[in-house]
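Some notes on the structure that comes next.
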Amino acid sequence: MTRTILVTGASRGIGRAVAIHLARGESATMILLGRDAAALAETAGAIREAGGQAVPHGCDVRDLSDLRALASKLPPLDALVAAAGIGGVTPVGGDASADDRFREILEVDLVGPWNTVRAFLPNLGPGGRIVLVASVLGRFGVPGYGAYCAAKHGLLGLTKALALELLPKGIFVNAVAPGWVDTDMAAQGIEGMARGMGISPEQARKKAEAVVPVGRFFQPEEIAEGIGWLLNPANTMQVGQCLNLDGGVVQI
């Protein structure tokens, strides 16, 4: 039976990778959400080449009304992956732009997944799967990244609460916490680190890799493998868990 799976942030990075992964692995019908219409179209094309079906929809996860309007037009869903997210530095001693960025990150990275679950929950039935994409920064703090750390820590708490609330409906909720992944967001993070330390991006990347026990960054497709495992209907034991996909940075 072909599943129908919705992915937010599907235009790039982890969202794009998991959508293509699921299409390739099970010929799933993928509902793709994102703000970049051209990039969404590219993801949809890759999914069709992989043997799946793709239905892209331009939307912003901060707009609950828009998400609900879309949900009313969609068929039943078997799974949902909330991968939309943004990053950035928000130093507590920064100027007013840090305040604006703080609110924006929380709106996209924490309120966005909440809106997504709120909007599409009526489309999910017993056996449904939800995966929220957090971060290794949901496990510890990093100076200057207050908003991102707060959002991702909050996302783990949201995962635990939703898992217990929705399990009686037969819906399984879990999260993943990726470490350094080769994405546009990671590249921006490395560039910011390099500027702050007065070194080259190449040197900054080497420093970042040095704190990862396996000694490297990961590809989005590798994170997609972990998400795919949590979405597998045969996986009925993971409830309110966070799967660390960080190469050993966090060991619990």
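Summary of values
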{"item": "Residues that are at negative phi, surrounded by 15 or more Cβ atoms within 10 Å (Cβ to Cβ) and either at pLDDT below 95 or not in a loop (DSSP other than H, G, I, E, B) (or both), drawn from the range 226-249", "result": "GLY226, ILE227, GLY228, TRP229, LEU230, LEU231, CYS242, LEU243, ASN244, LEU245, ASP246, VAL249"}
{"item": "Residue that is in contact with a helix residue (DSSP H, G or I) (Cβ under 7 Å, 6 or more places away or on another chain) and under 26 Å from GLY93 (Cα atoms), where the choices are ALA187, ALA224, ALA175, ALA194", "result": "ALA194"}
{"item": "Residue match in the range 17-29 (condition: in contact with a strand residue (DSSP E or B) (Cβ under 8 Å, 6 or more places away or on another chain), β-branched (Val, Ile, Thr), surrounded by 18 or more Cβ atoms within 10 Å (Cβ to Cβ) and assigned to a strand (DSSP E or B))", "result": "yes"}
{"item": "Scope the range 212-239; condition within 14 Å of ALA175 (Cα to Cα) and not small (Gly, Ala, Ser); matching residues", "result": "ILE223, GLU225, ILE227, TRP229, LEU230, LEU231, ASN232, ASN235, MET237, GLN238, VAL239"}
{"item": "Candidates GLY51, GLY45, GLY58 - the one that is surrounded by 15 or more Cβ atoms within 10 Å (Cβ to Cβ) and either of a type in the set (Phe, Trp, Tyr) or without any contact (Cβ under 8 Å) to a residue 60 or more places away in the chain (or both)", "result": "GLY58"}
{"item": "So VAL176, is it buried (at least 19 other Cβ atoms within 10 Å of the Cβ) and modelled with pLDDT of 95 or more", "result": "yes"}
{"item": "Within the range 210-225, tally of residues that are surrounded by 17 or more Cβ atoms within 10 Å (Cβ to Cβ), of a type in the set (A, V, I, L, M, F, W, C) and assigned to a helix (DSSP H, G or I)", "result": "2"}
{"item": "Elements of type helices (runs of 4 or more DSSP H) in the range 46-154, at least 1 residues being of a type in the set (Asp, Glu) and out of contact with any helix residue (DSSP H, G or I) (no Cβ under 6 Å at 6 or more places or on another chain)", "result": "64-71, 96-106"}
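The values are calculated or read from the model by the stated rules, or taken from the named source; none is laboratory data. All figures in this text were calculated on a predicted structure; none of them were measured in a lab. Note: ideal-geometry Cβ built from the backbone for every residue, glycine included; neighbour counts use all protein chains shown.
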